[in-house]
Every structure is written in C-alpha cells, then in structure tokens.
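**Q** Can you keep this structure in mind? I'll have questions shortly.
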Amino acid sequence: MVKWKNKNKFAFSFIILLLLLMGMVGVFLLNLTLGSVEIPLSDIVSILLGKELEKNTWTTIILNFRLPKALTATLAGSALAVSGLQMQTLFSNPLAGPFVLGINSGASLGVALAVLTTGAIGTSTLLGGLGIWENIGSVLAASLGAAVVLGLVLLVSRYVSNSTTLLIVGLMFGYGTSSIVSILLYFSVAERIQSYIIWTFGSFSGVTSSQLPILATVVILGLAIASTMTKSLNALLLGEIYAKSLGIKIQQSRLWIIASASILAGGVTAFCGPISFLGVAVPHLARSLLKTSNHRQLIPVVAMLGAILALFANLVAQLPGSQLVLPLNSVTALLGTPIVTWVILRRRFLG
C-alpha cells in the first residue's frame, strides 16, 4: 500500500514537472515573440537555428536583447524562488524571503556607495560614454556589498545556535545598511539619486550575453548546494531537536543553507537589482500545488515556477505593442501579493 502511494506521488510530481516545463518553454517563447515589435515564431526559430532573414534588425533584437533578457529572467526566477524556499524552512517563517539576512540590503549599499559618492555608475561620461562600464560597475558594487554582509552573517552563524536569533541579527544588518543608504541619499545630488532609484526598480535587461555565463554559473552553484541539502531541510521542518536526533549537524547544515540562499539571492541582486516578492510567493504556490513539504520534490518545482513567474512578469513589464516599460518590482509585487494572500486564506479556511 505504501509503495503504491509512493508511486502515485512520484507519477503526480512527474506530471507536474512536465506541465511546468511546457509552460516555461511557452512563456519563454512569448518573451521572444512579443515586445515593441512583434516577431513571428517561425522567424524566431530560424534566427535561433542560425538562418539569415530579410530583416536583419529582427536578428539583432532577438540575439542581443530578447534572448539574453529571457535567459536572465529564467535564471533569476529560479534562483530567488529556491532561495526563498530555503529561508522559509530554515527560519520556520512563511513570510521569510531570500533577503531576510540582509543580502539585498548589502548589495543595495554597495551600489549606493558607488553611485552616490563617486557617481561612477549612471555617469557614463566618466568612462568615455561606454554603457557597458555602467553595468559592470553596478555588478561589482552590488557583489561586494552582498559579499560583505554574507561574510558577517556566516561569521555570526558560527556563534549563534538559534535560527530565530540569527534571523533577528540578519534583519538588523538589513536595517543598518538601509539606514546608511538613506543617509547617502539625503546628502546626494538629484542626478545620482535618480541613477540609484532606477537600479532599485530591478530589471532583467542589464545582463549582456558575455555576462550570462557568469550569472548562470552562480545560479547553478547555488542550486547544486540546495539540492544536496534536501535531507537537512526536510529534517528541519520538524524542528532542530528532531533534526539532531536524526544525526543532522545543525550548524553545518545551516551554514550551507545560508551560503546557498545568499549565493542565489546575492548573485541575482548584483546582476538584476533587488527583485521583490518572487522568493516569498513561489514556495507557497509550489506547496499548494504538490500538497507536500518534501524538498526533493519541491526544489525542482519551485525552480520552474520561479522561472515561469519571472518570465511572465518580464512580459507584462514590457507592455507588448508599446514603447513603455513598467518597473519590474511593481509587476512582481502585483503578481505575488494575490498568490500569497490566496494561499494563506486557503490554508485558513481549509484547515
């Protein structure tokens, strides 16, 4: 009977994964097709296969703009969703997201210091008018800020035995760095403040084809670590005392979980800016869909759902058929809020 139930659960999970994969491919192709200029799917396939078209501008649009952006959205959505899943499990908090440890604030502080004190980012005239330097500067600044906060969190985690205490410490790091950013904003000139605010909107369009392999490597590394921690994550669902009784080394497991979540969230923030709500909403949606808390099944589903929602948010933000582009964070919040609200109310009324 148990084997039969396990087979049914495995078959159900496989079907869900297959449907999500098809959905992800569909939304990915829509991101390539729709935009200010609508390009037929047949021509997109020809471009991806390396064939020449009569309209060379379409090839440029797909290969230089839409394809890197769609790939970035796929990687970023998966990374933020899995990072959020790990944080919710580690801290036993349904509202925990990938940035509860202050990683997002650290990255924001790095960019704020670069923009508001030197004007190096957003002032391309300092570097001969080459826009690529603007992007590289923001990535380096955000990465350094996230790395500093991550180092402090990992250092504290070695001496703190309680996850709730570590959560509070991480929040204090976030508040501290946010206050420094606010002070820098207060004393900065309008042009530099505008450059920083634009970065905080979040965007998948800033990652170039040459930078994509770096982002992909970071995301794959973080996802690989998360995949090896499924046993520890499942044990932590029942509390740290139960996990210890199973032979789980709590501090070592927590260290690796924090490292994975921080690599995923920090890497995406460095390249795309602070993308909100995906890390909080997607894990809830995946649990509701699978009816399980087993991380071996959840992690791949969460990764695909995160990619789908990120691609859909990017599609909405582009406002296909117009020249306007909405702030990405506003779109992710609009998508994420009803999902979290629906899941919470559903659990409340259905027990």
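**Q** Give the range 142-201 a look and list any residue that's under 21 Å from the mean Cα position of the chain (by Cα) and in a loop (DSSP other than H, G, I, E, B), or say none.
**A** Applying the first criterion (under 21 Å from the mean Cα position of the chain (by Cα)) to the range 142-201 yields 142-151, 153-154, 167, 170-171, 173-175, 177-178, 196-201.
Of everything in the range 142-201, just one residue is under 21 Å from the mean Cα position of the chain (by Cα) and in a loop (DSSP other than H, G, I, E, B), namely Phe201.
**Q** Okay, next question. Of all the residues that make up the range 21-44, how many are surrounded by 12 or more Cβ atoms within 10 Å (Cβ to Cβ) and part of a loop (DSSP other than H, G, I, E, B)?
**A** 5
**Q** Out of (1) of a type outside the set (S, T, N, Q); (2) surrounded by fewer than 21 Cβ atoms within 10 Å (Cβ to Cβ); (3) assigned to a helix (DSSP H, G or I), what's the single condition that is false for Ile248?
**A** With respect to (1) of a type outside the set (S, T, N, Q); (2) surrounded by fewer than 21 Cβ atoms within 10 Å (Cβ to Cβ); (3) assigned to a helix (DSSP H, G or I), Ile248 is out only on (3).
Condition check ((1) under 28 Å from the mean Cα position of the chain (by Cα); (2) part of a loop (DSSP other than H, G, I, E, B); (3) farther than 20 Å from Ala310 by Cα) across all residues:
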position: Leu53; (1), (2), (3): no, yes, yes
position: Pro68; (1), (2), (3): yes, no, no
position: Ala81; (1), (2), (3): yes, no, no
position: Leu101; (1), (2), (3): yes, yes, yes
position: Gly106; (1), (2), (3): yes, no, yes
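**Q** Among the residues of the range 244-256, write down those that are aliphatic (A, V, I, L, M), modelled with pLDDT of 80 or more and farther than 9 Å from Ser232 by Cα.
**A** Leu255
**Q** A further question on this structure: Kindly provide the set of residues from the range 251-295 that are assigned to a helix (DSSP H, G or I), within 19 Å of Gly202 (Cβ to Cβ) and of a type in the set (Phe, Trp, Tyr), ordered by number. Reasoning before the result, please.
**A** The initial filter retains those residues of the range 251-295 that are assigned to a helix (DSSP H, G or I), namely 251-272, 278-290, 295.
So of that shortlist, the ones also within 19 Å of Gly202 (Cβ to Cβ) come out as 261-272, 278-282.
Answer for the range 251-295, where residues must be assigned to a helix (DSSP H, G or I), within 19 Å of Gly202 (Cβ to Cβ) and of a type in the set (Phe, Trp, Tyr): just Phe271.
**Q** For the subset of the range 45-70 comprising residues that are small (Gly, Ala, Ser) and surrounded by fewer than 19 Cβ atoms within 10 Å (Cβ to Cβ), which member is nearest to Val27 (Cα to Cα)?
**A** Within the range 45-70, the subset small (Gly, Ala, Ser) is 46, 50, 70.
Among the residues that remain, those that are also surrounded by fewer than 19 Cβ atoms within 10 Å (Cβ to Cβ) are: 46, 50.
Values: Ser46: 18, Gly50: 22 Å.
Among those that are small (Gly, Ala, Ser) and surrounded by fewer than 19 Cβ atoms within 10 Å (Cβ to Cβ), it is Ser46.
**Q** Tell me which residues, restricted to the range 183-205, are modelled with pLDDT of 80 or more, among the small types (Gly, Ala, Ser) and closer than 16 Å to Ala107 by Cβ.
**A** Gly202, Ser203, listed by residue number.
**Q** Among the residues in the range 194-217, are any over 17 Å from Gly267 (Cα atoms), among the hydroxyl-bearing types (Ser, Thr, Tyr) and surrounded by fewer than 17 Cβ atoms within 10 Å (Cβ to Cβ)? Don't jump to the end; show me each part of the working.
**A** Initial filter on the range 194-217 (over 17 Å from Gly267 (Cα atoms)): 194-198.
Filter again for among the hydroxyl-bearing types (Ser, Thr, Tyr), leaving 195-196.
Then keep just the ones that are surrounded by fewer than 17 Cβ atoms within 10 Å (Cβ to Cβ); that gives none.
For the range 194-217, residues over 17 Å from Gly267 (Cα atoms), among the hydroxyl-bearing types (Ser, Thr, Tyr) and surrounded by fewer than 17 Cβ atoms within 10 Å (Cβ to Cβ): absent.
**Q** Right, another one. Can you give me the number of residues within the range 215-228 that are polar (S, T, N, Q), closer than 20 Å to Gly279 by Cβ and free of Cβ contacts under 8 Å to residues at least 24 places away in the same chain?
**A** Selection size over the range 215-228: 0.
**Q** Show the residue pairs that are 6+ apart or on different chains and have beta-carbon atoms under 9 Å apart, the first residue being within the range 299-312 and touching a residue at least 24 places away in the same chain (Cβ under 8 Å) and over 18 Å from Ile257 (Cβ atoms), the second being hydroxyl-bearing (Ser, Thr, Tyr) and surrounded by fewer than 24 Cβ atoms within 10 Å (Cβ to Cβ).
**A** From the range 299-312, the pairs are Val301/Ser13.
**Q** Is at least one residue of the range 264-273 without any contact (Cβ under 8 Å) to a residue 12 or more places away in the chain and surrounded by 15 or more Cβ atoms within 10 Å (Cβ to Cβ)? Don't jump to the end; show me each part of the working.
**A** Of the range 264-273, the ones without any contact (Cβ under 8 Å) to a residue 12 or more places away in the chain are none.
There is no residue in the range 264-273 that is without any contact (Cβ under 8 Å) to a residue 12 or more places away in the chain and surrounded by 15 or more Cβ atoms within 10 Å (Cβ to Cβ).
**Q** I've got another one for you. Could you identify the single residue in Lys244, Lys231, Lys249, Lys291 that is farther than 28 Å from Asn329 by Cα, basic (Lys, Arg) and touching a residue at least 12 places away in the same chain (Cβ under 8 Å)?
**A** Numbers: Lys244 fails: touching a residue at least 12 places away in the same chain (Cβ under 8 Å); Lys249 fails: touching a residue at least 12 places away in the same chain (Cβ under 8 Å); Lys291 fails: touching a residue at least 12 places away in the same chain (Cβ under 8 Å).
The unique qualifying residue is Lys231.
**Q** If you check Val316 against the conditions, is it without any contact (Cβ under 8 Å) to a residue 12 or more places away in the chain, of a type in the set (Val, Ile, Thr) and touching a Leu at 6+ places or on another chain (Cβ under 9 Å)? Talk me through it step by step, then tell me what you get.
**A** Values: without any contact (Cβ under 8 Å) to a residue 12 or more places away in the chain: no; of a type in the set (Val, Ile, Thr): yes; touching a Leu at 6+ places or on another chain (Cβ under 9 Å): yes.
Spelling it out, it is not the case that Val316 is without any contact (Cβ under 8 Å) to a residue 12 or more places away in the chain, of a type in the set (Val, Ile, Thr) and touching a Leu at 6+ places or on another chain (Cβ under 9 Å).
**Q** Pick from Val37, Val27, Val82: which is at pLDDT 90 or above and within 21 Å of Ser322 (Cβ to Cβ)? Spell out the reasoning first.
**A** On the way: Val37 fails: at pLDDT 90 or above; Val82 fails: within 21 Å of Ser322 (Cβ to Cβ).
On inspection, the qualifying residue turns out to be Val27.
**Q** The conditions are (1) under 28 Å from Thr74 (Cβ atoms); (2) hydroxyl-bearing (Ser, Thr, Tyr); (3) crowded, with 18+ Cβ neighbours inside 10 Å, and Ser253 fails exactly one of them. Which is it?
**A** (1)
**Q** Based on what the data block shows, is Ser179 out of contact with any helix residue (DSSP H, G or I) (no Cβ under 9 Å at 6 or more places or on another chain) and either aromatic (Phe, Trp, Tyr) or modelled with pLDDT of 80 or more (or both)?
**A** Working: out of contact with any helix residue (DSSP H, G or I) (no Cβ under 9 Å at 6 or more places or on another chain): yes; either aromatic (Phe, Trp, Tyr) or modelled with pLDDT of 80 or more (or both): yes.
Yes; evaluated as a whole, the condition is true for this residue.
**Q** Considering each of Ala96, Ala107, Ala76 in turn, give the residue that is crowded, with 21+ Cβ neighbours inside 10 Å, touching a Phe, Trp or Tyr at 6+ places or on another chain (Cβ under 8 Å) and either under 24 Å from Leu255 (Cα atoms) or of a type in the set (A, V, I, L, M, F, W, C) (or both).
**A** On the way: Ala96 fails: touching a Phe, Trp or Tyr at 6+ places or on another chain (Cβ under 8 Å); Ala107 fails: touching a Phe, Trp or Tyr at 6+ places or on another chain (Cβ under 8 Å).
It is Ala76.
The values are calculated or read from the model by the stated rules, or taken from the named source; none is laboratory data. Note that the coordinates shown come from a computational prediction; the quantities given were computed from them, not determined experimentally. Neighbour counts are summed over all protein chains in view; Cβ atoms, including those assigned to glycine, are modelled from backbone coordinates with ideal geometry.
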